[in-house]
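Notes follow the structure.
What follows draws every value from the coordinates through simple rules; no lab data is involved. This one's a predicted model, so the numbers in the text were calculated from it and none came from an experiment. When we count neighbours, we look across all protein chains shown, and the Cβ atoms used for this are built from the backbone with ideal geometry, even at glycine.
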Ligand SMILES: [Zn+2]
């Protein structure tokens with residue numbers, strides 16, 4: 001199918017595209033899935049679009065992910081790479097969880113820019129509901145007789161990050177109280193990390209204090225301390 005992307009981009013996307021192209025190569029490819037996605041490696045980004053469901057807000061979302069990567073921050077890849085060196089850490093922080101954390105981190109930071117571009121809040125993500133349902137939290141059983149479950153720990157961290165990253169004003173007070181009660185120390189570690197991430201000024205990174213290095217490094221150290229004396233299966 002012939003589809004000339006340039007004819008369909010609005011002025012906001014055209015402007016963002018040229019900004020992103022100053023730093024990396026951006027290509028558009030057509031696919032058949034009912035959503036858009038992007039794939040990036042080094043300085044190359046491919047944005048997959050479906051002409052049948054084409055809309056500028058979805059392009060903007062994917063382009064903003066590329067824009068974020070062009071900032072050259074450490075992001076969740078730093079968590080993934082440092083976890084590889086530590087057996088217990090790496091089983092919990094697998095690729096899927098690290099990608100999820102990274103996606104949430106990016107969403108939190110690109111959302112204000114998405115609004116600035118003039119798109120509507122409801123068009124930021126296709127999932128419109130709560131990011132985590134309370135029954136999934138009730139089913140968490142992260143430890144039994146002092147032995148921790150990799151799968152449940154992985155979900156625990158993933159759920160909490162999803163809640164923090166939600167851009168919609170959903171009320172998660174019951175969810176958070178439950179999650180906190182399950183493992184208060186880990187709750188504090190993840191919460192502190194998210195607070196630090198919120199405060200990172202991604203567009204004005206001062207190499208000494210304002211990159212995301214400190215926020216992520218502290219998180220890694222705190223998780224390591226926490227996990228050190230835990231038995232995990
Ligand atoms: Zn996204």
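What ranking of 62, 224, 116 emerges when the number of other C-beta atoms within 10 Å of each C-beta is taken as an exposure proxy, fewest first?
Values: 62 23, 224 14, 116 9.
Going from sparsest to densest Cβ surroundings: 116, 224, 62.
Where a ≥ b ≥ c are the square roots of the eigenvalues of the C-alpha gyration tensor, would you call the chain rounded, which needs a/c under 1.5, or, failing that, prolate if a/b is larger than b/c, or oblate? Before the final figure, lay out the partial values.
Working: a/c = 2.05, a/b = 1.69, b/c = 1.21.
Prolate, because a/c is 1.5 or more and a/b exceeds b/c.
Highest mean first, how do 159-165, 3-9, 52-58 rank when packing is the count of other Cβ atoms within 10 Å averaged over residues?
Numbers: 159-165: 21.7, 3-9: 12.4, 52-58: 15.7.
Sorting 159-165, 3-9, 52-58 by mean packing, highest first, produces 159-165, 52-58, 3-9.
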Starting from the Cα gyration tensor of the stretch 79-193, take the square roots of the eigenvalues, sort them a ≥ b ≥ c, and report rounded, prolate or oblate (rounded when a/c is under 1.5, otherwise prolate if a/b is larger than b/c, else oblate). oblate
Let me have the relative contact order for the chain, percent, based on Cα pairs under 8 Å that are six or more residues apart. 17 percent
For residue 192 and residue 133, compute 0.36 nm times the residue count separating them, minus their Cα-Cα distance, and round to one decimal in nm. 19.0 nm
Computed label-point distance, nm, for sites residue 24 and residue 218 using a 7 Å Cα→Cβ extension: 2.7 nm
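Which shape class applies to the stretch 5-69: rounded if a/c is under 1.5, otherwise prolate when a/b exceeds b/c and oblate if not, where a ≥ b ≥ c are the square roots of the Cα gyration tensor eigenvalues?
Oblate shape, in that a/c is at least 1.5 and b/c is the bigger or equal ratio.
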Considering the zone a paramagnetic label at residue 121 would reach in this model (a point 7 Å from Cα along the Cα-to-Cβ line), which residues of the stretch 170-189 have amide N under 18 Å from it? 170-173
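What is the packing order of peptides 188-200, 139-151, taking the mean over residues of other C-beta atoms within 10 Å and listing the highest first?
On the way: 188-200: 17.2, 139-151: 13.5.
For the peptides 188-200, 139-151, the packing ranking is 188-200, 139-151.
Report the full-extension gain for the segment residue 203 to residue 52: residue separation times 0.36 nm, less the Cα-Cα distance, to one decimal in nm.
Value of the extension gain: 50.9 nm.
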Taking every DSSP beta bridge with both residues inside the chain, roughly what % is antiparallel (nearest 5)? 45 percent
